[in-house]
Amino acid sequence: MLRLRLKVIDWPRKALVLTDTPRRDCVDCDGAGGFQEDYAYPDNGEYWGTGWAPCSCWSQRRLTLLPLPRWARRTPPGGYSDVAPF
């Protein structure tokens, strides 16, 4: 069963997406949606890095519903003032 939610993402452009939610009562990942994995070099066993593996309780697929517009940056007419407000 899908547990859908709306989410705003920032990459590559702001958009509203429909995505699945990890199951809260999952005994494997405790509702986090995945696992942290530490990797080591195969020849000497030294630390190589940390990765993330998704749990089977949810799907990482998402559906983009609406790309959000980019708002123009507004500056006051005439620029900013150097005079103190008091």
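The values are calculated or read from the model by the stated rules, or taken from the named source; none is laboratory data. Here the structure is a predicted model, which is why all the values come from computation and not from measurement. Reconstructed Cβ throughout: ideal geometry from the backbone, glycine too, with neighbour counts over all protein chains shown. Remember, those area values only see protein heavy atoms, side chains included, never the ligands or the DNA or RNA. Shrake-Rupley method; radii C 1.70, N 1.55, O 1.52, S 1.80 Å.
Scanning segment 31-86 for residues that are at pLDDT below 80 and either touching a helix residue (DSSP H, G or I) at 6+ places or on another chain (Cβ under 9 Å) or hydroxyl-bearing (Ser, Thr, Tyr) (or both) turns up THR75, TYR80, SER81.
Can you name the residue in segment 28-65 that is closer than 20 Å to VAL8 by Cα and among the hydroxyl-bearing types (Ser, Thr, Tyr) and is also most open to solvent (accessible area, probe 1.4 Å) among such residues? First the steps, then the outcome.
Quick first cut of segment 28-65, residues closer than 20 Å to VAL8 by Cα only: 32-33, 58-65.
Within this subset, residues satisfying the condition of being among the hydroxyl-bearing types (Ser, Thr, Tyr) are 59, 64.
Values: SER59: 33, THR64: 82 Å².
Only one residue fits best here, namely THR64.
Remark: pairs (first residue in segment 16-36, closer than 19 Å to LEU4 by Cβ; second residue among the small types (Gly, Ala, Ser) and assigned to a loop (DSSP other than H, G, I, E, B); Cβ separation under 8 Å; 6+ apart in sequence or on different chains) = ASP20/SER59; PRO22/GLY31; PRO22/ALA32; PRO22/GLY33; ARG23/GLY31; ARG24/GLY31; ASP25/GLY31.
Taking segment 1-27 as the range and being surrounded by 14 or more Cβ atoms within 10 Å (Cβ to Cβ) and assigned to a loop (DSSP other than H, G, I, E, B) as the test, the residues that pass are LYS14, THR21, PRO22, ARG23, CYS26.
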